[in-house]
């Protein structure tokens, strides 16, 4: 992979993380309003679960970014494959 392509992929990943965090922020504000309005606890818990799942997804994306930017140093396809397998395993665990 070229450095320019790496940079583009990294920029896209950062934007994806930022967009997801803004959505989560909106979810949390919505949950706060639900609590203030004394909405049914079950409905609040559903929204808390959704926000928690969204945070797990962000964590997975940050992990992916970390592995690509900090652990991979060469264009070694075997190393990249092992790192991708590790990331996939972590993401499966986070679900």
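Here's the yes/no breakdown for (1) touching a residue at least 60 places away in the same chain (Cβ under 8 Å); (2) within 15 Å of the chain's Cα centre (by Cα); (3) surrounded by 15 or more Cβ atoms within 10 Å (Cβ to Cβ):
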{"site": "42", "(1), (2), (3)": "no, no, no"}
{"site": "46", "(1), (2), (3)": "no, no, no"}
{"site": "63", "(1), (2), (3)": "no, yes, yes"}
{"site": "83", "(1), (2), (3)": "no, no, yes"}
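Which ones in the stretch 7-28 are loosely packed, with under 11 Cβ neighbours inside 10 Å and modelled with pLDDT under 90?
7, 11, 12
The values are calculated or read from the model by the stated rules, or taken from the named source; none is laboratory data. Bear in mind that the values here come from a model prediction, so they are computed numbers and not experimental data. For neighbour counting, all protein chains shown are included, and Cβ atoms are generated from backbone atoms with ideal geometry for every residue, glycine included.
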